Amino acid sequence: MSSAPDSDFYSLELLLDPAGQQLVHRVRAFMEKEVEPVINGYWTREEFPHDLIPAIGKLGVAGLAYSGYGCGGLGCLLDGMVAMEVARVDPSIGTFLGVHSGLAMGSIYLCGSAEQKQRWLPAMARMEKIGAFGLTEPEVGSGAARGLTTTARRDGDEWVIDGQKKWIGNATFADYVIIWARDVADNQVKGFVVEQGTPGFSTTKMRDKIALRVVQNATITLDGARVPEANRLQQANSFRDTAAVLRLTRAGVAWQAVGCARGAYEHALAYAKQRQQFGRPIAGFQLVQDQLVKMLANVTASACLCVRLSQLQDAGLADDEHSALAKAFCTVRMRETVGLARELLGGNGILLEYHVGRFVADAEAIYSYEGTREINTLIVGRAITGTGAFV
Ligand SMILES: Cc1cc2nc3c(=O)[nH]c(=O)nc-3n(C[C@H](O)[C@H](O)[C@H](O)COP(=O)(O)OP(=O)(O)OC[C@H]3O[C@@H](n4cnc5c(N)ncnc54)[C@H](O)[C@@H]3O)c2cc1C
């Protein structure tokens, strides 16, 4: 019998084999024991808990879905459920892992040559080396497919990269930053693994975010940064290849949204059972039960959608629109759910020590990154109508 909390209302965890369930439980225990007690302090100080990286590495969850190169080879369903478990306690750590394992390792896994995968992925899977993913620019967000201004110019056995990136998670300390830049020769977007310390590559930490404050987002300046041809991802020939990475990681973000909503719901449920007003627990009021059930329905429907998406991914049947629909739907439901949880806690809903306030704030970032609701809606709209409506 699964020991999943009741908020896994349709027992989705039972879809995993016993080893998968055990891994999920290990991740849950780690997050609850090691992360939850300390995370609000890091959130307040805008700091990242670097000391936790070796222990997260030992969980063996980085690159879980990928086969070979020191990765788990355990598929997208388990990977998604792990992403949900992490975000369920803290969306910032979930984002850190999503950037490292999803965006950075995923770029190398999908777009690197066999030699490049062997060179970078094993140490990243052990989390001895950390990755970041630089696509967005100060003036180019949603329109990245057509509008990237960062350039790459081939010069013998090297590339010279110039431009700026914004919002790049983990970039202040990552060992490898995947930079997407337009090749001036053929105008196509290509991917480069830029190593920390490369002359001409510099980062500035973004401060005063009101969401995901633990995540170290940075602006990056590339000023004639020289990268060897050996660091150009050999299978990344156009933005179509970048989109393949996003297809993979958007599914992970949908799972994160489920985790963020589920965490808020669980805190709200526990609170409703112990908080007394009018001489009895507020959980006994009809209007409060209505809120709780709305939250549970959101979490359950979103999780079911994600499960099926992961199954399609594992069967090689998932397309851009499948990930986009899940990302858009689950993040909308997440936003509603964390709002209801906050409401249910009354004033305590805005105090960090009750955790729900952190989920409310962090949900805002998850809602917008990896494609806003509008952009993911347009991806689905194009697929079902046959007409692109982006411009
Ligand atoms: C916390 C955080 C972490 C991030 N981490 C990373 C990272 O690690 N790496 C990375 O590369 N990027 C990262 N991003 C960037 C993120 O992917 C972008 O913020 C996102 O793609 C939206 O781009 P934008 O913020 O520039 O908004 P804009 O593109 O300027 O959009 C503004 C508004 O216009 C709407 N809009 C735009 N185009 C259309 C259209 N055609 N039709 C209708 N509406 C439209 C959008 O939906 C949005 O509501 C991160 C962002 C955040 C907030």
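For Asn217, the residues whose modelled amide H falls within less than 5 Å of its own, excluding neighbours fewer than 5 places apart on the same chain, are Asn170, Met206.
Amide H to amide H, with H built 1.01 Å from N, Val194 comes under 5 Å of Val177, Ile178, Ile179, counting only residues 5 or more places away or on other chains. Between Asp186, Asp90, Asp241, find the one with the highest GNM mean-square fluctuation for the chain; connect C-alpha pairs within less than 10 Å. Answer for the Gaussian network model of the chain: Asp186.
Database remark: amide H of Glu137 closer than 5 angstrom to the amide H of Lys166 (H placed geometrically; neighbours at sequence offset of 5 or more, or on other chains; Pro and chain starts carry no H). Straight-line cross-link reach from Lys117 at under 16 Å between alpha-carbon atoms covers these lysines, not counting any fewer than eight positions away in the same chain: Lys129. Report the accessible area of Trp167, computed with a 1.4 Å probe over the heavy atoms of all protein chains in place, in Å² rounded to the nearest 10. Around 130 Å² of this residue is reachable by solvent.
By a 1.4 Å probe calculation restricted to protein chains, Val293 has an accessible surface near 90 Å², given to the nearest 10.
Put simply, the C-alpha atoms of the chain give a gyration tensor, and the ellipsoid matching it has half-axes of 36, 21, 21 Å, longest first.
For region 203-334, carbon and sulfur atoms together expose 53% of the accessible surface, with a 1.4 angstrom probe and every protein chain in place. The heavy atoms of Thr385 present about 90 square angstrom of accessible area, all protein chains included, probe 1.4 Å. Dipole magnitude for region 252-377: about 580 debye, using +1 per Lys or Arg Cβ and -1 per Asp or Glu Cβ, origin at the Cα centre. For the chain, adding -39500 (n - 2.57) for each run of n ≥ 4 DSSP H residues and dividing by the number of residues yields -16000 deg cm²/dmol at 222 nm. For the residues Tyr369, Tyr66, Tyr10, a 1.4 Å probe over the protein chains yields an accessible-area ranking, largest first, of Tyr10, Tyr369, Tyr66. Overall form of region 38-149: oblate. Here a/c, set by the Cα gyration tensor axes a ≥ b ≥ c, is 1.5 or more, and a/b is not larger than b/c. Accessible surface comparison of Leu305, Leu233, Leu287, probe 1.4 Å, protein chains only, largest first: the order is Leu287, Leu305, Leu233.
In order along region 191-197, the phi-based Karplus estimate (6.51 cos²θ - 1.76 cosθ + 1.60, θ = phi - 60°) of 3J(HN,Hα) comes to x, 10, 8, 9, 8, 3, x Hz; Gly and Pro are listed as x. Here the Gaussian network model covers the chain, with springs between Cα atoms less than 10 Å apart; of Asp183, Asp314, Asp208, Asp208 fluctuates the most. Note on Lys166: lysines with a C-alpha under 16 Å away, same-chain residues under 8 apart excluded, are Lys205, Lys209.
The values are calculated or read from the model by the stated rules, or taken from the named source; none is laboratory data. What you are looking at is a predicted structure, and each value in this text was computed from that prediction instead of being measured. Backbone-built Cβ (ideal geometry, glycine too); neighbour counts: all protein chains shown. For the accessible areas, the whole protein counts, side chains as well, though only heavy atoms, and no ligand, DNA or RNA atoms are used. Shrake-Rupley method; radii C 1.70, N 1.55, O 1.52, S 1.80 Å.
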